[in-house]
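I have placed the structure first, in the form of structure tokens, so that the comments after it can refer back to it.
What follows draws every value from the coordinates through simple rules; no lab data is involved. All of these numbers come straight from a predicted model, not from anything done at the bench. Every residue, glycine among them, receives a Cβ derived from its backbone with ideal geometry; neighbour counts consider all protein chains shown.
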Amino acid sequence: MKKSETTLPGVLLLEPKVFGDDRGFFLESYNQRAFAELGIRENFVQDNHSYSSRNVLRGLHFQIQQPQGKLVRAITGEILDVVVDLRQSSPALGKWEAFRLSGDNKHMLWVPKGFAHGFRVASETAHVVYKTTDFYAPEHERTLMWNDPDLAIDWQLDGEPTISGKDQCGYSLKDCEKFQ
């Protein structure tokens with residue numbers, strides 16, 4: 001597994017070893033020992049699977065209590081995955097970075113606790129799977145405004161995004177709760 005640091009402290013872009021031949025390919029998407037060697041020692045308690053069509057934008061979500069670390073990958077299609085640092089003690093507070101994850105490149109993204117997370121589907125459709133380090137707790141879920149002008153996230157849209165009612169009502173960076 002190849003690990004690449006990002007501009008956001010703690011966020012890692014991961015490239016698994018892919019073994020391919022004329023039958024297809026094999027990759028190890030998670031191995032507790034290998035991830036511990038990369039510095040990711042958290043226990044995962046829940047797997048999620050999302051299916052969406054082009055320009056669906058999900059996020060930016062976080063849980064202020066029971067925060068979740070996430071190991072994200074697109075198994076088919078392509079997404080623009082965005083993370084925003086919400087840790088008050090971080091020198092990158094309020095900074096964001098975007099990553100292209102796809103079934104073709106097979107990259108994974110490690111998003112530790114303390115970040116808002118979301119993605120936009122860049123292909124016709126996409127299946128996204130992610131492991132979390134804590135259970136979903138809707139009472140603690142918060143949404144950061146995807147189009148907050150102070151963040152100025154470049155979602156690389158090719159048309160109007162499709163957004164849930166909940167995600168249309170996110171908080172601005174200056175008004176949202178942050179992690180200690």
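Filtering the stretch 148-166 to residues that are part of a loop (DSSP other than H, G, I, E, B) and surrounded by fewer than 16 Cβ atoms within 10 Å (Cβ to Cβ) leaves Pro149, Asp150, Ala152, Asp154, Gln156, Leu157, Asp158, Gly159, Glu160, Ser164. Among the conditions (1) touching a Phe, Trp or Tyr at 6+ places or on another chain (Cβ under 7 Å); (2) surrounded by fewer than 18 Cβ atoms within 10 Å (Cβ to Cβ); (3) among the aromatic types (Phe, Trp, Tyr), the only one that Tyr136 does not satisfy is (1). Take the stretch 5-31 and flag every residue that is under 20 Å from the mean Cα position of the chain (by Cα) and loosely packed, with under 11 Cβ neighbours inside 10 Å. Glu5, Thr7, listed by residue number.
When each of Gly114, Gly103, Gly94, Gly69 is tested for being out of contact with any His (no Cβ under 6 Å at 6 or more places or on another chain) and without any contact (Cβ under 8 Å) to a residue 60 or more places away in the chain, the lone residue that passes is Gly103. Taking Ser89 as meeting all but one of (1) hydroxyl-bearing (Ser, Thr, Tyr); (2) in a loop (DSSP other than H, G, I, E, B); (3) under 13 Å from the mean Cα position of the chain (by Cα), write down the number of the exception. In the conditions (1) hydroxyl-bearing (Ser, Thr, Tyr); (2) in a loop (DSSP other than H, G, I, E, B); (3) under 13 Å from the mean Cα position of the chain (by Cα), Ser89 misses (3) alone.
Of Asp134, Asp154, which residue is under 23 Å from Asn55 (Cβ atoms) and charged (D, E, K, R)?
Asp154
The residue that is farthest from Ser50 (Cα to Cα), counting only those in the stretch 92-127 that are acidic (Asp, Glu) and not in a strand (DSSP E or B), is Asp104. Given (1) among the basic types (Lys, Arg); (2) surrounded by fewer than 18 Cβ atoms within 10 Å (Cβ to Cβ); (3) closer than 20 Å to Arg142 by Cβ, identify the lone condition not met by Arg100. Exception for Arg100: condition (3).
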